[in-house]
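Engineer: Shown below is the structure under consideration.
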Amino acid sequence: MAGYLIPVAVMTAGYSLFQTANNTAVMHSAASDQRGLISGLLNLSRNLGLITGVSLLGGVFALATRDAAPPGPDTVALATRMTFSAATVFIVVALVLSLRAHRPCSKKLAVGTTAVQPAL
């Protein structure tokens with residue numbers, strides 16, 4: 001039981017620390033009249049990520065256990081390792097995409113506006 005509860009407690013603490021800092025940074029960079037919209041988009045993206053992740057990882061687990069009915073402990077252990085390996089790959093891909101897309105911005109822009117580059 002401790003082998004399950006301890007990792008879940010650590011993940012929960014990490015998730016809550018990340019979400020607080022992430023939401024604060026995003027809301028701070030939003031114009032005051034756009035904060036309701038931005039808050040809704042944050043919640044939508046979080047839920048879409050949850051649904052997509054659960055679907056993909058559930059599919060990986062189901063694929064790994066498809067030949068065993070009912071699956072034994074060894075099959076479940078292998079499927080769990082495959083699921084966590086796939087999750088690690090997804091996290092690394094998301095991190096790379098996020099780092100490549102990150103563009104520091106010094107000015108706050110309202111949603112739907114673009115920065116105008118001065119003509120030379």
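Engineer: For segment 44-93, what is the relative contact order in percent, using Cα pairs closer than 8 Å and at least 6 residues apart in sequence?
Structural biologist: It rounds to 37 percent for segment 44-93.
Engineer: Another one. Residues in segment 86-100, backbone N under 18 Å from the label point at V10 (7 Å along the Cα-to-beta-carbon vector): list them, ranges by number please.
Structural biologist: Counting backbone N atoms under 18 Å from the label point, the list is 86-89, 91-92.
Engineer: Here's another thing I want to ask about it. At q = 0.14, 0.16, 0.26, 0.30 Å⁻¹, what log₁₀ I(q)/I(0) does segment 50-101 have when each alpha carbon counts as one equal point scatterer in the Debye sum?
Structural biologist: Summing over Cα pairs of segment 50-101 leads to -0.42, -0.51, -0.95, -1.09.
Engineer: Would you work out the relative contact order for the chain, in percent, from Cα pairs under 8 angstrom that are 6 or more residues apart?
Structural biologist: Taking the mean separation of contacting Cα pairs over the length of the chain, I get 27 percent.
Engineer: Ok, one more. If you bin every alpha carbon distance in the chain into 10 Å steps from zero, what whole percent lands in each bin?
Structural biologist: 10, 28, 30, 18, 10, 4, 1
We did not get these values from a lab; they are worked out from the coordinates using the rules stated. Everything numeric here is computed off the predicted structure, so don't read it as measured data. Reconstructed Cβ throughout: ideal geometry from the backbone, glycine too, with neighbour counts over all protein chains shown.
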